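So the structure is just underneath, and the comments pick up after that.
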Amino acid sequence: MDEIGGIYQMIVRVGDHAFHFNLSVIGMTWIVIALLLFFGYMATRQRHILPHTLQVVGELIISQFYSLTESALGKEKAKIYAPLVVALFMFLLFSNWIGALPHMSEPTTDLNTTLGLGFMGFFLAHYAGIRSKGFKGYIKNYFEPIAFMMPMNLIGELAKVISISFRLFGNMMGGSIIILVVSYLTYSLVLPPFLYAFFSLFIGSIQAFVFTMLTIVYIAVQVE
């Protein structure tokens, strides 16, 4: 996890508006994508009946999340949404783990990244709801149990995006802050290496799993 505070920005002005792009986060995101592509290539490059280590890891992740998605959505819908669920988990896992490498930082410590993933899950869940129930059936849910509850139901759906995004952001950013403070207190001698491993690998894995499972649950709620 790199130090917090050094932000490299690119500012693009369109008329009277200025758009700020965090180059550090964008760069880390593309590094994560490159690592995922490399992992996928190495895991599938030489497939055998007796699989090698990377093939075992890849098959284990895919089979587990296909199983979880199938239990929540059913066999037919799992074929549609499980590939995206697996990709989401792998992206989050690598994004959270990359902070364990020297001079690297997690894209998930930026709120824009977690909000983007949250809104992706939000639109995916509602797309699944419309596809499953039809537009009329989908809209009808917002007026249940009584029509008066429609504004509250809308607020509840938007709150899911805020909740899932801020949970991931808060946990990863909190870990970065703790490591930064302890590093200054101990002069980076003893505890920080352990904390790097703990927050990046252990906590990062848990948060990736929780975020992915909540996304599956949100989709399941919409298609019921």
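The values are calculated or read from the model by the stated rules, or taken from the named source; none is laboratory data. These numbers were taken from a predicted model, which means no experiment stands behind them. For neighbour counting, all protein chains shown are included, and Cβ atoms are generated from backbone atoms with ideal geometry for every residue, glycine included.
The numbered conditions (1) part of a loop (DSSP other than H, G, I, E, B); (2) at pLDDT 80 or above are all true for Ser188 except (2). Listed by first and then second residue, the pairs with beta-carbon distance under 6 Å, at least 6 apart or on different chains, first residue in segment 20-37 and under 16 Å from Thr114 (Cα atoms) and polar (S, T, N, Q), second buried (at least 16 other Cβ atoms within 10 Å of the Cβ) and modelled with pLDDT under 90, are Thr29/Pro107.
Which ranges mark the helices (runs of 4 or more DSSP H) fully within segment 16-130 that have 3 or more residues being of a type in the set (Gly, Ala, Ser) and under 23 Å from Val210 (Cβ atoms)? Break it down stepwise before answering.
Working: elements: 23-44, 53-73, 75-97.
Here the list reads 53-73, 75-97.
For segment 86-112, give me the residue count where each residue is surrounded by fewer than 24 Cβ atoms within 10 Å (Cβ to Cβ) and closer than 25 Å to Val221 by Cα.
First, the residues of segment 86-112 that are surrounded by fewer than 24 Cβ atoms within 10 Å (Cβ to Cβ): 86-91, 93-94, 97-98, 100-105, 110-112.
Subset that is closer than 25 Å to Val221 by Cα: 86-91, 93.
Within segment 86-112, residues that are surrounded by fewer than 24 Cβ atoms within 10 Å (Cβ to Cβ) and closer than 25 Å to Val221 by Cα number 7.
Results for (1) farther than 30 Å from Gly129 by Cβ; (2) free of Cβ contacts under 8 Å to residues at least 12 places away in the same chain; (3) surrounded by 11 or more Cβ atoms within 10 Å (Cβ to Cβ); (4) more than 22 Å from the chain's Cα centre (by Cα), shown as yes or no for each residue.
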site: Phe39; (1), (2), (3), (4): yes, no, yes, no
site: Thr44; (1), (2), (3), (4): yes, no, yes, yes
site: His48; (1), (2), (3), (4): yes, yes, no, yes
site: Pro51; (1), (2), (3), (4): yes, yes, yes, yes
site: Ile61; (1), (2), (3), (4): no, no, yes, no
site: Phe65; (1), (2), (3), (4): no, no, yes, no
site: Thr69; (1), (2), (3), (4): no, no, yes, no
site: Gly74; (1), (2), (3), (4): no, yes, yes, yes
